[in-house]
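First the structure, in the form of structure tokens, and then the observations on it.
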Amino acid sequence: MDREQLKLELKRMIISECEKDLRPEDIPDDAVLIGSQGDLALDSLDALQIALAVKQQYGKRIDGNNQTRAALTSINTLADFILADKTL
Amino acid sequence: MIGIVAANHYLQPIESDASLPSLEADLRELCREPFRRIDRFIQLALLGSARCIAGQTLRPECGIYLGSGLGPIGNNIVTQQQLIRDREIPKPFNFINTLGSSAGFYVAKNLGLSGQNLFISRRRASMEAVLNLALADLLRGVVEQALVGLVEEVALPLAVHRQRQDLPATQVLAEGSHWLLLQSGQQTARQLRLHRFDELSTLENFLFGSWMQGDCLCCASGMERSAEQRLQRQFPGCIVSAWDCAFHDSLDAAWLTEFAIGDRPGQLFVVNGNSMRGWVLFQLGA
């Protein structure tokens with residue numbers, strides 16, 4: 001899987017898990033995901049839902065520390081987090 | 001005096017394992033906003049309550065009294081499977097909706113209500129429990145309006161859903177969401193009264209004294225079978241049994257709602273109970 005394919009998958013996953021009425025192309029790669037001021041206006045419950053889906057689908061655990069929590073900033077950071085330590 | 005200001009419901013026999021009927025088109029039409037994170041139980045609650053209050057003006061402090069025998073069973077199964085079978089942490093959206101009270105939250109949000117919001121489950125006597133509390137609150141002036149709903153969901157496959165409830169393999173199943181808007185001191189076409197009896201013979205005597213041509217008596221699913229058979233002998237041809245209908249735990253709420261909606265003459269009596277805890281009789285008439 002290449003990085004672009006992964007980002008498309010992540011957008012589809014977020015739309016499905018968070019039940020957002022959006023298409024993948026509506027989500028820019030650098031859109032802010034979490035927070036009422038964010039582009040997607042997702043909240044902490046959405047963040048937890050996404051974190052569990054990432055764990056189940058990609059085996060990567062997003063926990064409470066700042067470094068991994070930053071993975072949920074945008075599609076770009078989430079893709080970087082998943083691809084870290086993986087060989088493309 | 002408690003008047004039924006409005007009533008409506010959703011009742012659907014479920015006879016196929018293929019899929020449950022989609023409720024989304026109806027919800028898009030009836031709900032103020034599209035809701036995320038809702039399960040089928042919440043969908044059913046939203047659908048029934050929205051149908052009931054269509055065209056009505058509710059007081060913001062109107063109380064919500066929601067009951068169910070099985071509650072959000074489909075979502076509970078998914079969550080239990082995640083936890084026990086898959087040994088995974090349940091997804092948050094599934095986990096929060098295992099609480100039956102989630103449905104009351106969404107109903108309140110959809111209808112703009114901020115009063116008390118209660119969820120009560122007492123298996124096959126849930127309508128009795130919910131109405132008992134709502135009527136008591138109305139009579140004591142705790143609330144002036146009460147939106148009372150009973151919601152029952154089917155979780156596929158049907159054979160497992162029957163087995164879970166210890167139902168015979170031939171029993172037809174149903175989903176339902178049945179709602180009444182009650183108001184104290186309101187003279188309406190339909191008045192609701194609740195009677196309690198310690199002895200079945202006292203209940204029978206009351207029925208003999210109140211019975212008029214065209215009245216109907218329904219035996220709820222929590223009714224002791226021997227008592228139901230005894231009433232069938234006393235009122236031949238006048239009795240509807242939950243077991244003869246497409247079934248869910250709160251079918252008594254479906255009958256009350258259907259009767260309240262219609263203009264059928266006479267009275268509807270709904271009886272539930274057993275010889276241990278006594279008998280409750282709802283009388284719905286003019």
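In the Gaussian network model of chain B, springs joining C-alpha atoms below 10 Å, which of B:CYS238, B:CYS216, B:CYS31 carries the largest mean-square fluctuation?
Judging by the Gaussian network model, the answer is B:CYS238.
Which FRET efficiency value, to the nearest 0.05, do you get for A:ALA70 and B:GLU61 by plugging their Cβ-Cβ distance into 1/(1 + (r/R0)^6) with R0 = 45 Å?
Numbers: r = 44 Å, r/R0 = 0.99.
For R0 = 45 Å, the calculated efficiency reads 0.50.
What are the equivalent ellipsoid semi-axes of segment B:2-184, built from the alpha-carbon gyration tensor (square roots of five times its eigenvalues), in whole angstrom, biggest first?
With the √(5λ) rule applied to segment B:2-184, the semi-axes are 28, 18, 16 Å.
Helix-only mean residue ellipticity at 222 nm, chain B, DSSP H runs n ≥ 4 weighted -39,500 (n - 2.57), per residue, nearest 500. What is it?
The helix-only estimate for chain B comes to -10000 deg cm²/dmol at 222 nm.
Specify the inter-centroid distance of segment B:228-286 and segment A:19-88, based on alpha-carbon positions, in whole Å.
53
FRET efficiency for B:LYS109 and A:SER44, Cβ-Cβ distance as r, R0 = 22 Å, nearest 0.05?
0.75
Just check the protein assembly as shown against the gyration tensor rule for me: Cα atoms, a ≥ b ≥ c as the square roots of the eigenvalues, rounded for a/c under 1.5, and otherwise prolate or oblate depending on whether a/b exceeds b/c.
Here the protein assembly as shown falls in the prolate category.
If you place +1 on the Cβ of every Lys and Arg and -1 on the Cβ of every Asp and Glu, how big does the dipole about the Cα centre of segment B:38-181 come out, in debye to the nearest 20?
Values: 13 positive and 11 negative charges, 35 e Å.
The dipole magnitude comes to about 160 debye.
To the nearest 0.05, how large is the calculated FRET efficiency for B:MET276 and B:ARG87 if R₀ is 35 Å and r is the Cβ-Cβ distance?
0.30
Hey, got the average number of other protein chain Cβ atoms within 10 angstrom for residues in B:36-42? Please report the intermediate quantities before stating the final value.
On the way: counts 6, 5, 1, 0, 0, 0, 0.
The per-residue average across the peptide is 2.
Quick one: P(r) of segment A:3-83 from all Cα-Cα pairs, 5 Å bins, percents rounded to integers, in order of increasing distance.
In whole percents, the pair-distance histogram is 3, 16, 31, 31, 16, 3, 0.
Cα centroids of segment B:133-158 and segment B:61-87: how far apart, whole angstrom?
The distance from the Cα centre of segment B:133-158 to that of segment B:61-87 comes to 17 Å.
Once the dipole of chain B is set up with Lys and Arg at +1 and Asp and Glu at -1 on Cβ about the Cα centre, which of B:SER49, B:GLN187, B:GLY176 lies farthest towards its positive end?
B:SER49
So what's segment B:10-70 giving for Rg/Rh, alpha carbon basis, Kirkwood Rh from the mean inverse pair distance?
Answer for segment B:10-70: 0.98.
Compute the Cα gyration tensor for segment B:191-285, then decide on rounded, prolate or oblate, letting a ≥ b ≥ c be the square roots of its eigenvalues: rounded whenever a/c is under 1.5, prolate when a/b is larger than b/c in the other cases, and oblate in all that remain.
rounded
Determine the shape class of segment B:244-286: with a ≥ b ≥ c the square roots of the Cα gyration tensor eigenvalues, call it rounded for a/c under 1.5, and otherwise prolate if a/b is greater than b/c, oblate otherwise.
Note, shape of segment B:244-286 comes out oblate.
Quick note: the coordinates plus some simple rules give every number you see, no bench work behind them. Since the model is a prediction, treat every value here as computed from it, not as a measurement. All Cβ positions, glycine included, derive from the backbone under ideal geometry; neighbour counts span all protein chains shown.
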